[in-house]
Structure formats: structure tokens, C-alpha cells
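See below for the structure under consideration.
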Amino acid sequence: MVIKPRIRGFVCITAHPAGCAAHVQEQIDLVKSRGPIKNGPKNVLVIGSSTGFGLSSRITAAFGSGANTLGIFFERPSEEDRPATAGWYNTNAFTAAARKAGLFAANINGDAFSDEVKRQAIEVIKRDMGQVDLVVYSLASPRRTHPRTGTVHKSCLKPIGTTYTNKTVDTDTGRVSDITIEGASETEVADTIAVMGGEDWEMWMQLLEENNLIAPGASSVAYSYIGPELTWPVYKNGTIGMAKIDLERAAKRIDAMLKTHGYGRAFISVNKALVTQASSAIPVVPLYISIIYKLMKAKGTHEGCIEQIQRLFATQMYNGSALDFDDQGRVRIDDWEMREEIQSQVAPIWSQITTENLAELTDIAGYQKEFLKLFGFGIAGIDYDADIDPHQELL
């Protein structure tokens, strides 16, 4: 099969196995180039491990500190007429590289919200890892079937209390237009919290604690985003922002549980706005990302997912001193993005952007390149005209 990118809306529905493998190797090489992370984790559970910050967390733990890892994800294998998802190929590439390096790497493909997948994870940890000293919670899902009630909750990306209109960009065509988003209902807010809030993270940690699988000194981290006021109506003050508030609530409860039992700490890491499969779905945000990419690249402060997580591990979590929290108890690795020298330029640029000057005022080309890389496309050294077997069994 010759595999080319096929984009529908904010997602690419094809993925290239060789390109995904090369993208994973780029991240591995970056982590190795920055040297070992002293006193890093040794047995790591990553919930949501196949793309974005979760994948980068798994790579950083394995190749930065020699950690054994268990990854939980929900990805689709190849079918007769189409390739597997990018997360499937990413996971296989990571697993092959980790095992070649002599590291334990196990995978569970299934619904991380379900009791069944949690039970499978408990069995693997008991049998092959003993106890975990780091749990990364990095799930991004459009829906959740609640394991207790059976109710299917669907998340949405909407403002709360009012209709919102602002600029957005079609990242495929580069067309800038206004978008109007209706305000969310109370049910939609509650459903988004049920999917993207902290209840499931708590369930995972409680189950690990009940089975005595949390090592002394262990940490658990979940990822969030705040961003500038420009994005707040659809993020911080929108449905997803309410879910992130609930995630922070869960972090405090998990942290208290860990401290009570003498384990360690749980916290939220607020990360930079980046091109991920999740962020691409949020109206307004891709246009903002295109602006800060241009500004931060000019300042030499631009980072991708892997640079962000490597910096989190090396300079915050495992640097031998206390975490540097903000006034809400969060670690901020969005600090370079939120510098005044960057943010003061965003609004003036935003007000001028049109379809005609988009390429001049933003790094839309960089956004598009990074978006395609998520699916294994546009990577140097890959022959995208070659016939390639898309079928891979999960390692």
C-alpha cells in the first residue's frame, strides 16, 4: 500500500508506519542527547501513552532514566483497506526500541476507563514490575462509558454561559474565518467533566494503592493547559477548563492519599500549547499556536512535546530539590510561552490576521508540518511513494 495523508477536518485519517517510527526515533534521540536523568523513575505506568505528551513521557522515562514502562492506550489496528492509527505505529516503534535497549515495555490496548483494562494493568504490574514509582495520567478522549453506571458521557469543546465568536483557521487550507460556538448546557458541562476530569485518575490510583503497587516516594502527574485570555472562552473558562479544574481537585486528593501512606506526591503540570491530536480539535487554539510558534522560534524558546517533558523530568521532578509550584500548587512548564515578551505580541498580531497575510504573520507552515508529523508524514528520509505493508501486530 502507498500511504498518503488524508485529512478530514482536524484529523488525519491515515498514518504511515515508517514515518511514525522515524518520529518516535527523533524523540528518543533528543532524550538521549540531553543525557541521563539522575534519580529518575524505574517502573512507570503511562495512562494514555500512544501520542502527544503521554508518548513523550514514556520515551523520556525509558530513554532518560532506563525505566520499565507499561502503556495504556486505545488505538485501531490496520484493516484490509486502511492503515492503523498513528498511536498504534508509535507504540510499536517505541516498544521495539525499548526492548532492544533491554528495557521492559508492556502494552494494553483498550478502554482505560474500564474496570477490565485496569484489572489487566494490575496483573501486569504485579507479575512483571512489582511496584510503580511514577504514574502519568495523559488521557484525551471524546467519550467515556462510566464503569459504575454504564452511562456514556460525551465531552464537548464549548464556552459556558454565552455564545462565543472569534477567529479560527482551517489548518488544512489556511483559510481564516470567524467561528461562532454556542454555549454549553449544564449537561454538556457535566459530561465533559465526567470524561476529561479527575475521577478516572482517582480510580486508577485507588486501585494501585489497594493492591500495594505504589512504591515509596512515587509520583503521579496529570497534564493541563491554561493559556492566555485570548483562548479562555473556549479553554480555561469553557467546558474543557471545567474538566481541568476537576483534574486539579483530583490531584489534591491523590496527593493527600499518597502522603498519608508515605508514598510521594501528585500534581498537575501545566504545559505549553502544542500541536497534538487533542489541541487540533479546539477552535481558535490552532491559530494561537501558529502565532506563538513564530514568536518563540524567533526567541529560540520553542519546544515540542518531547522537549517539554524532558525538561519537566530533568529540571522539576527529578532534579533533587522540591518542585517549583505556582500559587495554585501547579508546576508550570508553560513558563516560556507565558513570558511577557511573547504574550505582549500576540493580541496585536491576532487583530491583523487574515487569510492573505496568515503565512507572513504566523508560522502556519510550521503548524501544518508538525500536524502531519503526528501521523508519520513529512519526515526526511522516508519514501512516501514506496509500497509499504501497513499491517503490524501489537508488540
>> For region 64-78, give me each residue that is surrounded by fewer than 24 Cβ atoms within 10 Å (Cβ to Cβ) and either on the phi > 0 side of the Ramachandran plot or in a helix (DSSP H, G or I) (or both).
In response: Ser65, Gly66
>> Can you tell me which residue is nearest to Gly87 (Cα to Cα) among those in region 5-39 that are among the basic types (Lys, Arg) and modelled with pLDDT of 95 or more?
In response: Lys32
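Answer yes if at least one residue in region 48-56 is farther than 29 Å from Thr192 by Cβ, among the hydroxyl-bearing types (Ser, Thr, Tyr) and either outside any strand (DSSP E or B) or in contact with a helix residue (DSSP H, G or I) (Cβ under 8 Å, 6 or more places away or on another chain) (or both), and no otherwise.
Step one: filter region 48-56 for residues farther than 29 Å from Thr192 by Cβ, giving none.
So far as region 48-56 goes, no, none of its residues is farther than 29 Å from Thr192 by Cβ, among the hydroxyl-bearing types (Ser, Thr, Tyr) and either outside any strand (DSSP E or B) or in contact with a helix residue (DSSP H, G or I) (Cβ under 8 Å, 6 or more places away or on another chain) (or both).
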> Ala96 fails exactly one of the following numbered conditions: (1) touching a residue at least 12 places away in the same chain (Cβ under 8 Å); (2) closer than 24 Å to Pro142 by Cβ. What is the number of that condition?
Replying inline: (2)
>> Every residue in region 211-238 that is surrounded by fewer than 20 Cβ atoms within 10 Å (Cβ to Cβ), in contact with a helix residue (DSSP H, G or I) (Cβ under 8 Å, 6 or more places away or on another chain) and assigned to a loop (DSSP other than H, G, I, E, B), please.
In response: Asn211, Pro228, Trp232, Lys236
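Within region 191-210, can you find the residues that are surrounded by 16 or more Cβ atoms within 10 Å (Cβ to Cβ) and either free of Cβ contacts under 8 Å to residues at least 12 places away in the same chain or assigned to a loop (DSSP other than H, G, I, E, B) (or both)?
Listed by number, the residues that qualify are Gly197, Gly198.
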>> All but one of (1) under 18 Å from Ile379 (Cβ atoms); (2) surrounded by fewer than 24 Cβ atoms within 10 Å (Cβ to Cβ); (3) within 18 Å of the chain's Cα centre (by Cα) hold for Gly52; state the number of the condition that does not hold.
In response: (2)
> Which of the residues belonging to region 126-154 are touching a strand residue (DSSP E or B) at 6+ places or on another chain (Cβ under 6 Å) and assigned to a helix (DSSP H, G or I)?
Replying inline: Met129
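Only one of Ala273, Ala266 is crowded, with 21+ Cβ neighbours inside 10 Å, in a loop (DSSP other than H, G, I, E, B) and touching a residue at least 12 places away in the same chain (Cβ under 8 Å). Can you tell me which? Full working, then the answer.
Working: Ala266 fails: in a loop (DSSP other than H, G, I, E, B).
Result: Ala273 is the single residue among Ala273, Ala266 that is crowded, with 21+ Cβ neighbours inside 10 Å, in a loop (DSSP other than H, G, I, E, B) and touching a residue at least 12 places away in the same chain (Cβ under 8 Å).
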> Does Thr187 meet the test of being on the phi < 0 side of the Ramachandran plot, surrounded by fewer than 20 Cβ atoms within 10 Å (Cβ to Cβ), hydroxyl-bearing (Ser, Thr, Tyr) and part of a helix (DSSP H, G or I)?
Replying inline: yes
> Can we say Asp172 is in a loop (DSSP other than H, G, I, E, B) and surrounded by fewer than 22 Cβ atoms within 10 Å (Cβ to Cβ)?
Replying inline: yes
>> If I ask for residues that are modelled with pLDDT of 95 or more and either surrounded by fewer than 24 Cβ atoms within 10 Å (Cβ to Cβ) or within 23 Å of Gln120 (Cα to Cα) (or both), which ones from region 79-96 would you list?
In response: Ala84, Thr85, Gly87, Trp88, Tyr89, Asn90, Thr91, Asn92, Ala93, Phe94, Thr95, Ala96
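Taking helices (runs of 4 or more DSSP H) that do not extend beyond region 287-395, which have at least 1 residues that are free of Cβ contacts under 8 Å to residues at least 12 places away in the same chain, loosely packed, with under 13 Cβ neighbours inside 10 Å and out of contact with any strand residue (DSSP E or B) (no Cβ under 7 Å at 6 or more places or on another chain)?
Values: elements: 305-312, 340-352, 358-361, 364-373.
Where helices (runs of 4 or more DSSP H) fall fully within region 287-395 and carry at least 1 residues being free of Cβ contacts under 8 Å to residues at least 12 places away in the same chain, loosely packed, with under 13 Cβ neighbours inside 10 Å and out of contact with any strand residue (DSSP E or B) (no Cβ under 7 Å at 6 or more places or on another chain), they are 340-352, 358-361.
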>> For region 1-20: of the residues being touching a residue at least 40 places away in the same chain (Cβ under 8 Å) and assigned to a strand (DSSP E or B), which is surrounded by the most Cβ atoms within 10 Å (Cβ to Cβ)?
In response: Cys12
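The values are calculated or read from the model by the stated rules, or taken from the named source; none is laboratory data. Keep in mind that this is a model prediction, so the values were computed, not measured. Cβ: placed from backbone, ideal geometry, glycine included. Neighbour counts: every protein chain shown.
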